[in-house]
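This report refers to the structure that appears directly beneath it.
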Amino acid sequence: MAKPEMDNTLLALRACMDQDGLAAGLRFLNQRVPHRFTGFYQLRDATLHNVGLFDKLGEIAPEALLAVPLTSSFCQFVLRDGCMLIDHSGQDARLNGHPYQGILNSCIGLPLTHSGADLQGTLCHFDFEPIEVPQHEHEFLRKAALERNHCRAHARVLGDGGRRHADLRRADEARHVAAIHEGMLTIRRVTDRH
């Protein structure tokens, strides 16, 4: 994917999230890949908690995908390696002995941080079927995760009493962060009901 095309697609993702929130952003990302699921997981108390999940089949998320201990998830490799790319877990020697090897067969995940050094969660595509990810899509998801990293830090600040942070330079950034924060709260409320 050429840089101008990637930049335009990132702008379209931002506009989608500005307009319709996190769920729409996950749907936008998922439409770009053959993977069944695209998710945003937040790390709390050594467990990855699902904050948002898009399923191409539109089914209710399996209980096992809503909260996963970090040591049982493929996302532990994001923490260790800074990214995770698994095309066929059943044939990946790195995963020998892992409880989800051969069950969750493909996954691409990248870290979400506040400052670039502290893992707060992951953004990932995954599927029960083996799927190869083109390099350009891996690069696009990396840039989308960086976009989310920037916005997560601002959403955290806005979540504390709704105060504007002095570093927010443009009004459109503030609207973007508020839309993401609102989307995460809505998804969290729906998830908490189940």
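The conditions are (1) of a type in the set (Ser, Thr, Tyr); (2) open to solvent by less than 50 Å² (accessible area, probe 1.4 Å); (3) not in a strand (DSSP E or B), and Tyr41 fails exactly one of them. Which is it?
Against the list (1) of a type in the set (Ser, Thr, Tyr); (2) open to solvent by less than 50 Å² (accessible area, probe 1.4 Å); (3) not in a strand (DSSP E or B), Tyr41 comes up short only on (3).
Any residue that is in a loop (DSSP other than H, G, I, E, B) and open to solvent by 50 Å² or more (accessible area, probe 1.4 Å) - is there at least one of those in segment 8-28?
For segment 8-28, residues in a loop (DSSP other than H, G, I, E, B) and open to solvent by 50 Å² or more (accessible area, probe 1.4 Å): absent.
So, of the residues in segment 56-81 that are assigned to a loop (DSSP other than H, G, I, E, B) and more than 19 Å from Glu132 (Cα to Cα), which turns out to be least open to solvent (accessible area, probe 1.4 Å)?
The qualifying residue least open to solvent (accessible area, probe 1.4 Å) is Ser73.
If I filter segment 129-147 for residues that are more than 18 Å from Tyr41 (Cα to Cα), modelled with pLDDT under 50 and surrounded by 14 or more Cβ atoms within 10 Å (Cβ to Cβ), do I get at least one hit?
Checked segment 129-147: no residue is more than 18 Å from Tyr41 (Cα to Cα), modelled with pLDDT under 50 and surrounded by 14 or more Cβ atoms within 10 Å (Cβ to Cβ).
Starting from residues that are assigned to a loop (DSSP other than H, G, I, E, B) and among the polar types (S, T, N, Q), keep the ones in segment 82-108 and report whichever is most open to solvent (accessible area, probe 1.4 Å).
Asn96
The values are calculated or read from the model by the stated rules, or taken from the named source; none is laboratory data. Keep in mind that this is a model prediction, so the values were computed, not measured. Cβ sites come from the backbone with ideal geometry, for glycine too, and all protein chains shown count toward neighbours. With ligands, DNA and RNA removed, areas are computed over all heavy atoms of the protein, side chains included. Shrake-Rupley method; radii C 1.70, N 1.55, O 1.52, S 1.80 Å.
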